[in-house]
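Only one structure is covered here, and it is reproduced in the block below.
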Amino acid sequence: MKPQPRVTELTRPYWEGANDGRLMIQRCEDPACAKAVFYPRVCCPYCQGSKLTWFRAAGNGSIITHTTVRRPHHDGFAASAPYVFAAVEIEEGACIYAEIPDAPLEGESLIGRRVMVDFVHHGPQRRMPVFRLQD
């Protein structure tokens, strides 16, 4: 079985959104900053502001970098290997790491390719965001 995320009060909006097919991230409320923040935090990593609000991201972005995972570090992912794992910059500005299902495993760079969020089952009663290549 794949490892399951630890849901806390801080991360609950993110995981509930994923289960409902919504990519929820935070934004700094300080108007001088207003940056999108991912992963869930208690304060802004850019300005150290203490007020972050949750919002639904569109889920569109582009691949910054990627790798092909051939030997996962957890047995729960062995059946999925090999697979492409990437850093994705979403349009709102945050960087999210996720799997890119059905991506070519070798032979071409995916850097700069457009992607869109999707949600796949990741164990009982849990969905996980992944990004799919756009044509």
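Database note for the chain: Cys without another Cys beta carbon under 4.7 angstrom, Cys43, Cys95. Accessible area per residue (1.4 Å probe, heavy atoms of protein chains only) ranks Arg113, Arg6, Arg56 as Arg6, Arg56, Arg113, with the largest value leading. Sorting Val42, Val37 by accessible area puts them as Val42, Val37; the probe is 1.4 Å, largest comes first, and only protein heavy atoms count. The residues neighbouring Arg132, those whose beta-carbon lies less than 12 Å from its own, together hold a net charge of -2 under the Lys/Arg +1, Asp/Glu -1 convention. As a ratio to 2.2 N^0.38 Å, the alpha-carbon radius of gyration computed for the stretch 1-65 takes the value 1.21. Summing charges over all other residues whose Cβ lies under 15 Å from the Cβ of His66, with Lys and Arg as +1 and Asp and Glu as -1, gives -1. Over the residues of the chain, the helix contribution to mean residue ellipticity at 222 nm works out to -1500 deg cm²/dmol, using -39500 (n - 2.57) for each DSSP H run of at least 4.
On the beta carbon distance between Lys51 and Met116, with R0 = 25 Å, the FRET formula returns roughly 0.25. As a fraction of the 1.4 Å probe accessible area of the chain, surface on carbon and sulfur atoms comes out at 50 percent.
Classify the stretch 12-133 as rounded, prolate or oblate, taking a ≥ b ≥ c as the square roots of the eigenvalues of its Cα gyration tensor: rounded when a/c is under 1.5, otherwise prolate if a/b is larger than b/c and oblate if not.
prolate
When the Gaussian network model of the chain links Cα atoms closer than 10 Å, the mean-square fluctuations of Thr11, Thr67, Thr53 top out at Thr53.
The values are calculated or read from the model by the stated rules, or taken from the named source; none is laboratory data. None of the values given here were measured: they were computed from a predicted structure. In this analysis, Cβ positions are derived from the backbone assuming ideal geometry, glycine residues included, and neighbour counts consider all displayed protein chains. To get the accessible areas, we keep the full protein, side chains included, count just its heavy atoms, and leave off ligands, DNA and RNA. Shrake-Rupley method; radii C 1.70, N 1.55, O 1.52, S 1.80 Å.
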